Structure formats: structure tokens, C-alpha cells
Amino acid sequence: IPAAIATSSDCFNITNGNTITGLSNNCPNVTKLVIPTDITAIGEGAFQDNRVLTSVTMPNVTTIGYRAFYNTPLTSVIMPNVTTIATDAFRNNKALTSVIMPNVTTIGGAAFYGNTALTSVNMPNVKTVGFAAFRFDGQLNTVGDMLELTNIGPQAFSFTSLTSLGMPKVITISASAFEGNGSLTSVIMPNVTTIGTDAFKNNKSLTSVDIPNVQAIGDYAFYGNTALKSVHMPSLITIGKQAFDGCNLLESVKFSTVEVCKSIFTANTDICK
């Protein structure tokens, strides 16, 4: 029968005095973890493939290692002082619904990939979100404002359900960063200058885009956005192939010049403002 909770250092294998590498034989089947306050790191693969763990609280942990909680039944994670989360750290946690990490600054590639029940993430101080970090988190609709975010990896939030994007410091949107988002209705990004291939492809609910300083967008960047009506990109000069194909409801488009707009929308030049 699984024990209710593990709080004592005796329940963990510990190296270097501050890094947990797994559960000890003293507590093999605990379902809840409260990490001791003298622990600052969770090591690589520490709880990977654990089949009974449902919640973890780690008051003073600052670093989560590679695949530390990969493929577990966790439902909630509270980590107030974590600053760095490695690749695949919480990947494939199908029951995880919420994550609170107010001081995290770096999230590695695929760290929360495929967490299909995840709806809410709190990370106001994040600066870097790695490749495919939240990809295929289909119910993820709330991440809050990410006022310090500067680096978004390719596919970082692809196939999620984000309803808003608050990231004023971002300058570059990587390839497929928000591809396949079904809930986003508007995009306002005052400082973005470059948008990569497929970045907002197939955002079926997107109706308006206001990115005043973007100068270049990649191939298929807004492809298939069937609800899109308004595009405001007055600095746009370079446009990739089929960037707006399938956006058949467009009513108003503002690029750097009317000529640039007309060169893209040759069959409907009236929308060029």
C-alpha cells in the first residue's frame, strides 16, 4: 500500500548533500513528496517512470534535472524557487493540470511536452522557453504574462489552447512557435521584428494581428488562419511563400507599402491599406 507522504531525508537517495537522485528503499511507494528544505536540486531521472507519485512540493529546490519527473502521474507541482528546468523534466505527465513556478527563468526543450491535461502554468519571470517545451499540451490556455521572456524556441507552444500572449520583450518568434493553436483570437506584439516559418500556422480562431515592428515573416507563417480579418504590420518588408494562404476572410492589411501588400494579395488588392 503506498505511503501517504515523504518528507524525511531518509526517504531519498541524496548525493553531494543537496541533490536527490531517487527514492530510497525506506519509502518505495510514496504518492506525495515534500522535498526537505536543504535540498536544492533534483537529479537526472530521479523519479522517472514512477507509477504512483501524484504531487510534489519543493520549497528550496532551484534546479530540476533531465527527465527528473518524466512519465509520472503527477497532478500538481509547486516549486517556488526553481530557476532552471532541464530537457524532458516533466514530459509525458498526462495527469498534470497545473504548475506554479514563479521564479523559473529557463525551461529546457520538451520539458512539459505532451501533458495533455495541463491547463494552467504560472511563470512570470521566465526568460527562455526551449524547443517544444509545451508542445501538444492541448488544454493549456493560461500562462499569464511573461514580462521577462526574450527567447522562444521552435514549437514551444505549438498545439496548445492559449487565449492570450503577454510577452512584450520578445523580438523573434521561432518556427512553429504557436502553430496549431485553436483558441488564440488576437496577437499584439509590439517589439517583434522577425517571425519564423509556420509560426502561427492554422490558428483557426485568430481574427486580428498587430505586430508593428515586424520586418520579415517566414513561409506559411499565418497559413490557414481562416478567421483572420485584420493584419497590421506597417514595417513588414520580407514575406515568405504562402504566408497568408487560406486567410480568405481578410478585410484589412497594412504592410510597409501598398505595393508590398498588392504583390501578395494579387487577387484581392482592395484589402491593402
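Each reported figure results from applying straightforward, stated rules to the coordinates on display, with no laboratory input. Since we're looking at a predicted model, the values are computed, not measured. Here the Cβ is made from the backbone with ideal geometry for all residues, glycine too, and neighbour counts use every protein chain on show.
On the basis of being among the aromatic types (Phe, Trp, Tyr), closer than 22 Å to residue 154 by Cα and surrounded by 22 or more Cβ atoms within 10 Å (Cβ to Cβ), does residue 200 make the cut?
On the way: among the aromatic types (Phe, Trp, Tyr): yes; closer than 22 Å to residue 154 by Cα: yes; surrounded by 22 or more Cβ atoms within 10 Å (Cβ to Cβ): yes.
Yes: the conditions hold for residue 200.
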Pairs, first touching a residue at least 40 places away in the same chain (Cβ under 8 Å) in the range 144-172, second among the polar types (S, T, N, Q), C-beta under 8 Å, six or more apart: 148/105; 148/125; 153/128; 153/174; 154/174; 154/176
Single unsatisfied condition, residue 144 versus (1) touching a strand residue (DSSP E or B) at 6+ places or on another chain (Cβ under 7 Å); (2) outside any loop (DSSP other than H, G, I, E, B): (2)
Any hit, the range 118-126, residues being under 20 Å from residue 192 (Cβ atoms), within 11 Å of the chain's Cα centre (by Cα) and not hydroxyl-bearing (Ser, Thr, Tyr): yes
Residue check for residue 81: over 22 Å from the mean Cα position of the chain (by Cα), more than 23 Å from residue 152 (Cβ to Cβ) and touching a residue at least 12 places away in the same chain (Cβ under 8 Å): no
Positions within the range 121-139 being buried (at least 22 other Cβ atoms within 10 Å of the Cβ) and not in a loop (DSSP other than H, G, I, E, B), in sequence order: 121, 129
